[in-house]
Amino acid sequence: EAQVTQNPRYLITVTGKKLTVTCSQNMNHEYMSWYRQDPGLGLRQIYYSMNVEVTDKGDVPEGYKVSRKEKRNFPLILESPSPNQTSLYFCAAGTDYGYTFGSGTRLTVV
Amino acid sequence: AQSVTQPDIHITVSEGASLELRCNYSYGATPYLFWYVQSPGQGLQLLLKYFSGDTLVQGIKGFEAEFKRSQSSFNLRKPSVHWSDAAEYFCAVGARKAAGNKLTFGGGTRVLVKP
C-alpha cells in the first residue's frame with residue numbers, strides 16, 4: 001500500500017528542546033514536502049525537496065530544518081521549538097501530478 | 001504568486017441534499033487543481049484533480065468538480081450528501097514542476113451534515 005508514515009502522531013514538548021519529526025515514503029517519489037496546518041490558514045509549505053540532497057524553503061521556513069539523505073526519508077527538525085510552532089504538521093510525497101499526505105503530527109510546544 | 005480562496009468557512013447541509021463548495025484560484029498559467037478532504041483527526045485524502053482536457057472531473061466518493069477558466073474557479077459538487085461526508089475540504093493549486101510542485105491551499109470549508 002502506498003503510504004507516507006510520520007512519527008510521532010502526537011508530541012508535547014517544552015520551549016527550546018530540540019525535536020525531530022520523521023517522515024518516510026514507500027512510493028519512490030522524488031518530491032517531498034512539509035506543511036503546517038493552522039486554523040483559518042489552511043496548509044502552508046515549510047520546506048520541500050525535489051530529490052536527494054536537494055531541499056529548499058517554502059513559505060514559512062523560519063525555525064525549521066530538513067534533510068534528504070535518502071529518497072524515502074525527509075525528517076523535519078526543530079532546533080529550538082517555540083510556542084508559535086504549535087501546529088498540525090503534514091509530510092507529503094508526490095510528483096508533478098499530486099501528493100500523498102501522511103496522517104499528521106500534532107505538536108504542542110509549552 | 002499563486003493563491004486560493006474558499007469563500008465559505010462553514011456549510012451545513014441536510015443528508016441527501018446536494019452540496020457545492022466554491023474555490024477560486026489565482027495562477028499565471030494553466031493550473032493544476034486539486035480537492036482534498038480531511039476527516040476529523042485524519043490526514044488529507046485526494047478527492048480529485050484537474051490537469052487538462054475535460055473540464056468536468058470525476059473523483060472518489062461521488063464527488064465531481066468543474067474547471068471554469070473564465071471565472072478562475074474549480075467548484076466541488078456532490079448530488080446527494082451522506083453523513084460520512086462531514087469533514088473539512090481543501091482546494092489547492094499546484095506549482096507545476098516548480099518548488100517541488102508546491103501546493104497552495106485555500107483556508108478550507110468545514111461541512112456539517114444534518115440528519
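Tabulated data
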{"read-out": "Exclusive hit being among the acidic types (Asp, Glu), surrounded by 15 or more Cβ atoms within 10 Å (Cβ to Cβ) and at pLDDT below 95, set A:Asp96, A:Asp56", "value": "A:Asp96"}
{"read-out": "Residue tally, condition open to solvent by less than 20 Å² (accessible area, probe 1.4 Å) and in contact with a helix residue (DSSP H, G or I) (Cβ under 9 Å, 6 or more places away or on another chain), over segment B:8-30", "value": "2"}
{"read-out": "Residue, nearest to the chain's Cα centre (by Cα), within segment A:49-107, restricted to residues that are more than 14 Å from chain B (Cβ to nearest Cβ) and of a type in the set (A, V, I, L, M, F, W, C)", "value": "A:Leu76"}
{"read-out": "Residues of segment B:54-66 that turn out to be part of a loop (DSSP other than H, G, I, E, B) and in contact with a helix residue (DSSP H, G or I) (Cβ under 9 Å, 6 or more places away or on another chain), as a count", "value": "2"}
{"read-out": "Residue list for segment B:62-115, restricted to those being away from chain A (no Cβ under 14 Å), surrounded by fewer than 19 Cβ atoms within 10 Å (Cβ to Cβ), out of contact with any Ser or Thr (no Cβ under 6 Å at 6 or more places or on another chain) and more than 17 Å from B:Asn24 (Cα to Cα)", "value": "B:Gly62, B:Ser80, B:His82, B:Trp83, B:Ser84, B:Ala86, B:Pro115"}
{"read-out": "The lone exception for A:Lys18 - which of (1) within 8 Å of chain B (Cβ to nearest Cβ); (2) surrounded by fewer than 17 Cβ atoms within 10 Å (Cβ to Cβ) it fails", "value": "(1)"}
{"read-out": "Test result for A:Ser103, farther than 21 Å from B:Phe105 by Cα and open to solvent by 30 Å² or more (accessible area, probe 1.4 Å)", "value": "no"}
{"read-out": "Check on A:Leu76, open to solvent by less than 10 Å² (accessible area, probe 1.4 Å), at pLDDT 95 or above and not polar (S, T, N, Q)", "value": "yes"}
{"read-out": "Hits in segment A:1-15 - residues which are over 15 Å from the mean Cα position of the chain (by Cα), farther than 25 Å from B:Trp35 by Cβ and open to solvent by 20 Å² or more (accessible area, probe 1.4 Å)", "value": "A:Ile12, A:Val14, A:Thr15"}
{"read-out": "Residue within segment B:67-85 that is in a loop (DSSP other than H, G, I, E, B) and free of Cβ contacts under 8 Å to residues at least 40 places away in the same chain present", "value": "no"}
{"read-out": "Enumeration of residues in segment B:1-53 that are of a type in the set (Val, Ile, Thr) and at pLDDT 90 or above", "value": "B:Val4, B:Thr5, B:Ile9, B:Ile11, B:Thr12, B:Val13, B:Val37"}
{"read-out": "Residues of segment A:36-48 that turn out to be more than 8 Å from chain B (Cβ to nearest Cβ) and either hydroxyl-bearing (Ser, Thr, Tyr) or under 13 Å from the mean Cα position of the chain (by Cα) (or both), as a count", "value": "4"}
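The values are calculated or read from the model by the stated rules, or taken from the named source; none is laboratory data. It should be emphasised that the depicted structure is a prediction, and the values quoted were computed from it without experimental measurement. No Cβ is skipped: glycine too gets one built from the backbone with ideal geometry, and neighbour counts run over all protein chains shown. Surface accessibility is based on the protein's heavy atoms, side chains included, excluding ligands, DNA and RNA. Shrake-Rupley method; radii C 1.70, N 1.55, O 1.52, S 1.80 Å.
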